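First comes the structure, then the notes that go with it.
The values are calculated or read from the model by the stated rules, or taken from the named source; none is laboratory data. Every value quoted in this text rests on a predicted model; they were computed, and no experiment measured them. In this analysis, Cβ positions are derived from the backbone assuming ideal geometry, glycine residues included, and neighbour counts consider all displayed protein chains. Just so you know, the surface numbers come from the protein's heavy atoms only, side chains and all, with ligands and any DNA or RNA stripped out. Shrake-Rupley method; radii C 1.70, N 1.55, O 1.52, S 1.80 Å.
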Amino acid sequence: RGARAIAEMAGVDLDQCYGAAVDLADRAGRIAYNAYQKGKCVEAKAASSDLVTETDRAIEEFILKELRQKFPTHSFIGEESIKGPCVLTDNPTWMIDPIDGTSNFIHGLPFSAVCIGLAVDKKAVVGAVNNFVLGHLFAAQKGCGATLNGEPIHVSTCTELNQSMILTELGSKRPPGVLRSKMETLYKIAVEPNPVHGFRSLGSAALSMCHVACGHVDLYYEYGVHCWDIAAANIIVEEAGGVSMMPDGAPLNLMGRGVLCACTETLTREFIPLMEHVDYPADQQD
């Protein structure tokens, strides 16, 4: 059964959910943009590079309040409000990252986004990702294609690694062994005689995936992401014609702490053997 059919069987009106996600991403983005132009009160989480602001919390509270009023039987996972184990069931579940790219937001780099995704049966079916600084609102729902500011988008057609542009991140937590593995992968794809065109880091998992979706880059991979980082962008990539999976090629698990998305499956088959695996504990143990 397809994800859309499962959603309909569960009584989920995807058109209504899509409209709510896009509307809230737009409204929350206006709040975030106003805060972006002002001073920020910053706190560190577990790592000194894992940051949160009062704006993250305020936007998440705003989004969750609105969604709970509209969809009282649904479940909710928010980055800043999670307490204890993060549980994803088959119930329709909204996943919210109020500001993906908080470090960029703090430093004034214009790559931060409000992310609102909906999963049904643990598969993403609706997503809205709003880069509120640049005014780029990416959106998709299952079976309806993906858009940027209302215009259709599509992935590139690249099939060869040495013709590709790649995005990745080092992540906010960088113990020596993990960082060494990540740097080894970068070395393998960058070294001559057959290097990629280049690799870049945007500082936002969701926006990295969206730039794959609209064909600006050809592949993005990262270990250490959480479900709220990738749920909304996952459906955008797939509806733009791309593929998404775990970094080792297994089917994507939103709770699995890793993601690989690309314009073509052919490109992933060439890339995966070059990767150094990094072991992260899943957000949810099955």
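When the Gaussian network model of the chain links Cα atoms closer than 10 Å, the mean-square fluctuations of ASP100, ASP218, ASP248 top out at ASP248. Of all the options THR89, THR55, THR157, the one that moves most in a Gaussian network model of the chain with Cα springs shorter than 10 angstrom is THR89. Between LEU254, LEU179, LEU219, the Gaussian network model of the chain with springs among Cα atoms under 10 angstrom shows the greatest mean-square fluctuation at LEU179. Among beta bridges identified by DSSP and lying wholly in the chain, the antiparallel ones come to about 80 percent.
Expressed as a whole percent, the proportion of Cα-Cα pairs in segment 161-240 lying more than 14 Å apart is 63%. For Cα pairs less than 8 Å apart in space and 6+ apart in sequence, what is the mean separation divided by the residue count of the chain, i.e. the relative contact order in percent? Computed over the chain, the figure is 18 percent. Subtracting the Cα-Cα distance of ASN34 and SER81 from 0.36 nm times their residue separation leaves 14.7 nm of extension gain. With a Cα cut-off of under 25 Å and a minimum spacing of 8 residues unless on different chains, the lysine pairs in the chain number 23. Near LEU252, the amide H atoms lying under 5 Å from its own belong to MET246; only residues 5 or more places off or on other chains count, and H is placed 1.01 Å from N.
Can you classify segment 176-286 as rounded, prolate or oblate using the Cα gyration tensor, where a ≥ b ≥ c are the square roots of its eigenvalues, rounded means a/c under 1.5, and otherwise it's prolate if a/b beats b/c and oblate if not? It comes out oblate by the Cα gyration axes.
Over the residues of the chain, the helix contribution to mean residue ellipticity at 222 nm works out to -10500 deg cm²/dmol, using -39500 (n - 2.57) for each DSSP H run of at least 4. Between PHE111 and any residue 5 or more places off or on another chain, the built amide H atoms are never under 5 Å apart. Along the Cα-to-C-beta direction of LEU134, a point sits 7 Å from the Cα; which residues of segment 184-201 have their amide N less than 18 Å from that point? From segment 184-201, the list is 198-201. If the chain linking ALA10 and ILE272 were pulled fully straight, counting 0.36 nm for each residue of separation and taking away their Cα-Cα distance, it would gain 90.8 nm. Ranking of THR185, THR147, THR159, THR73 by solvent-accessible surface, largest first: THR73, THR159, THR147, THR185 (1.4 Å probe, protein heavy atoms only, all chains present). Multiplying the residue separation of HIS197 and ASN162 by 0.36 nm and subtracting their alpha-carbon distance yields 12.0 nm. Taking every protein chain into account, the accessible area of the chain amounts to 43 square angstrom per residue (probe 1.4 Å).
Heavy atoms only, probe 1.4 Å: what % of the accessible area of segment 145-275 goes to carbon and sulfur, would you let me know? Heavy-atom surface of segment 145-275 belonging to carbon and sulfur, 1.4 Å probe: 54 percent.
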